[in-house]
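Everything below concerns the one structure shown next.
The values are calculated or read from the model by the stated rules, or taken from the named source; none is laboratory data. The structure presented is a predicted model; accordingly, all values stated were derived computationally and were not measured. Cβ coordinates were reconstructed from backbone atoms using ideal geometry, including for glycine residues, and neighbour counts include every protein chain displayed. Remember, those area values only see protein heavy atoms, side chains included, never the ligands or the DNA or RNA. Shrake-Rupley method; radii C 1.70, N 1.55, O 1.52, S 1.80 Å.
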Amino acid sequence: MKRKEKNMKNKSKEFIDILKTRHSNYTIINESTLNDKKMIHFIGECIKYNPSAFNIQSTRVVLLLHEQSKQMWEYVLENLSQPIPNIVLMELKSCVGAYATLLFYDDESVTINGANQYKMKEENFISWSLQANAMLQHSLWVGLSYLGYAVNIQHYNTLIDPEAKEKYDIPSHWKLIGQMSFGKFTKNANKHDHLPIDQQLTIEH
C-alpha cells in the first residue's frame, strides 16, 4: 500500500510539473523541437481527444506553418489601426518570428445544431462550445510547452478573421476564437504571482 501511495504521489508531482511549464512565452525562434509530421500528429491527437458537451466536437483548428504563419503576423503589424505599447509591439514581433500559428475556431453551425437537438439546454451551447475550445487551447499550450516550445495566445480576431477567411477559404460559419503562436524557446518565461489557494479553493466537509 505504501509503495502504491508513493507511486501516486510521484505521478501527481509529475503532472503538476508538466502544468508548470505553461507560461506566455515570447522568447520564440523559428525552429521546432519536433519534425512537422510528428508535430502535426501531436496537435491532431490533442484535437481528437478534446472533450465537448454532448460530443458535438464544434472546435476547428487551422495550422499555419512557416511562411504562412509569418505572413499572417506581418499582416497584423501592418494593419493595426492605432499605436500600441512597446511591450505589445515586442510580443507581436515575436509572433512574426514563430515557427507556426494555430487559429482556433468554433463551427457555429455545429453548435447551433446541438442547441436545436437539446432544446432544454440550448441556452448553454455557446458557452459550452467556448469551454471546449478553451480546453483544447490549454491542452495544446501545456503540451507544446512541455515539448520545448515557447507558446503564447493572442486575440487579434477583428484583423485576422477576414484575412484568414479570404486567404484560406475558411467557412463563414467558423467563428475565430484566438491564435496561438509557437516556436522553439530560448529561455524560460517570467513566472507569475499566484493567489493564495484558499482564495480560490473552497472545501466543504
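Residue count for the stretch 56-101, restricted to those that are buried (at least 20 other Cβ atoms within 10 Å of the Cβ), of a type in the set (Phe, Trp, Tyr) and part of a helix (DSSP H, G or I): 1.
Taking the stretch 1-26 as the search range and keeping residues that are out of contact with any Asp or Glu (no Cβ under 9 Å at 6 or more places or on another chain) and part of a loop (DSSP other than H, G, I, E, B), which one is most open to solvent (accessible area, probe 1.4 Å)?
Taking the stretch 1-26 as the starting set, the residues that turn out to be out of contact with any Asp or Glu (no Cβ under 9 Å at 6 or more places or on another chain) are 1-23, 25.
From what is left, the residues that are part of a loop (DSSP other than H, G, I, E, B) are 1, 21-23, 25.
Values: 1: 163, 21: 55, 22: 74, 23: 39, 25: 14 Å².
The selected residue is 1.
Do the conditions hold for residue 112, that is, is it more than 19 Å from the chain's Cα centre (by Cα) and open to solvent by 10 Å² or more (accessible area, probe 1.4 Å)? Working first, answer last.
Working: more than 19 Å from the chain's Cα centre (by Cα): yes; open to solvent by 10 Å² or more (accessible area, probe 1.4 Å): yes.
Yes; evaluated as a whole, the condition is true for this residue.
Of the residues 29, 40, the single one that is modelled with pLDDT under 95 and open to solvent by 50 Å² or more (accessible area, probe 1.4 Å) is 29. Restricted to the stretch 140-179, and to residues there that are in contact (Cβ under 8 Å) with a residue 60 or more places away in the chain and β-branched (Val, Ile, Thr), the residue that is nearest to residue 50 (Cα to Cα) is 142. Could you check, for the stretch 119-139, whether at least one of its residues is exposed (fewer than 15 other Cβ atoms within 10 Å of the Cβ), within 19 Å of residue 53 (Cβ to Cβ), among the charged types (D, E, K, R) and in contact with a helix residue (DSSP H, G or I) (Cβ under 7 Å, 6 or more places away or on another chain)? Yes, that holds for at least one residue.
Suppose we filter 146, 105 for residues that are at negative phi and out of contact with any Leu (no Cβ under 7 Å at 6 or more places or on another chain); which single one remains? Don't jump to the end; show me each part of the working.
On the way: 105 fails: out of contact with any Leu (no Cβ under 7 Å at 6 or more places or on another chain).
Matching residue, one of 146, 105: 146.
Scan the stretch 180-205 for residues that are more than 20 Å from residue 64 (Cα to Cα) and touching a residue at least 24 places away in the same chain (Cβ under 8 Å) and the total you get is 7. Scanning the stretch 183-205 for residues that are open to solvent by less than 100 Å² (accessible area, probe 1.4 Å) and either at pLDDT below 90 or among the hydrophobic types (A, V, I, L, M, F, W, C) (or both) yields a count of 4. For first residues located in the stretch 40-64 and touching a residue at least 12 places away in the same chain (Cβ under 8 Å) and under 15 Å from residue 104 (Cα atoms), partners that are open to solvent by less than 30 Å² (accessible area, probe 1.4 Å) and among the charged types (D, E, K, R) and lie 6+ apart or on another chain with Cβ distances below 8 Å form the pairs 58/106; 58/107; 59/106; 59/107; 60/106; 60/107. Tell me whether the stretch 189-198 contains one or more residues that are out of contact with any helix residue (DSSP H, G or I) (no Cβ under 9 Å at 6 or more places or on another chain), more than 30 Å from residue 97 (Cβ to Cβ) and assigned to a helix (DSSP H, G or I). Yes, the stretch 189-198 contains at least one residue that is out of contact with any helix residue (DSSP H, G or I) (no Cβ under 9 Å at 6 or more places or on another chain), more than 30 Å from residue 97 (Cβ to Cβ) and assigned to a helix (DSSP H, G or I). Tell me which residues, restricted to the stretch 102-148, are outside any helix (DSSP H, G or I) and in contact with a Lys or Arg (Cβ under 9 Å, 6 or more places away or on another chain). Hits for the stretch 102-148 are 103, 104, 105, 106, 107, 148. Scanning the stretch 74-113 for residues that are in contact with a Ser or Thr (Cβ under 7 Å, 6 or more places away or on another chain) and under 14 Å from residue 159 (Cβ atoms) gives 95, 101.
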